[in-house]
Every structure is written in C-alpha cells, then in structure tokens.
Amino acid sequence: FIGSAVVNWFARSAEASKARDAIFLSNTVVFGLWTILWVLIILAGAPAFGWVFVVIHLLFTVGFFVVGRANMSTNTT
C-alpha cells in the first residue's frame, strides 16, 4: 500500500498521459476488489462493523472512477 501511495502522490500533478490513466484505472480496480472482498467477508460471518470498510472502499472506488474518468487523457499515442 505504501508503494501505491507513493505512486499516487507523485502522479497527482502529472500531465495527462497513458501512465496516469493506468494509475487511475488500477486504483479503481483495486478498491473495487477490496469492496467485493469485504462484502464476502461480512457474508461469511464477520461482525457488522465491517460494513464501514465496505462503504469506505466503495467511496474510494467511486471517487477514483469519477475523477479518473474526468481526467482521462485524450492522447491515444
């Protein structure tokens, strides 16, 4: 997670590029998978406070999707 945070930190003000698009996409996928994992953990019998983690990861997923989609590069080369 620290490595991912460092990449995100240094890419925060980068110009539009395929690399930055890939960073947004990977963050969206990772947080989406964590959301699904937490739902499965709760359904398997974890305590109800696990829904807090589902909501947090879902908010990050939606946030990365919305911001990433709005900032996708138009450069296809």
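The values are calculated or read from the model by the stated rules, or taken from the named source; none is laboratory data. What you are looking at is a predicted structure, and each value in this text was computed from that prediction instead of being measured. Positions of Cβ are generated from backbone atoms using ideal geometry, with glycine treated the same way; all protein chains shown enter the neighbour counts. In case anyone asks, the SASA skips ligands and DNA or RNA and just uses the protein heavy atoms, side chains included. Shrake-Rupley method; radii C 1.70, N 1.55, O 1.52, S 1.80 Å.
Tabulated results
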item	result
Filtered residues of segment 44-77 (kept if surrounded by fewer than 16 Cβ atoms within 10 Å (Cβ to Cβ), of a type in the set (Val, Ile, Thr) and closer than 16 Å to Asp21 by Cα)	Val62, Val66, Val67, Thr74, Thr76, Thr77
Residue count, segment 5-34 (criterion: within 14 Å of the chain's Cα centre (by Cα), in contact (Cβ under 8 Å) with a residue 12 or more places away in the chain and open to solvent by 70 Å² or more (accessible area, probe 1.4 Å))	3
Test: residue in segment 10-21 that is among the charged types (D, E, K, R) and not in a helix (DSSP H, G or I)	yes
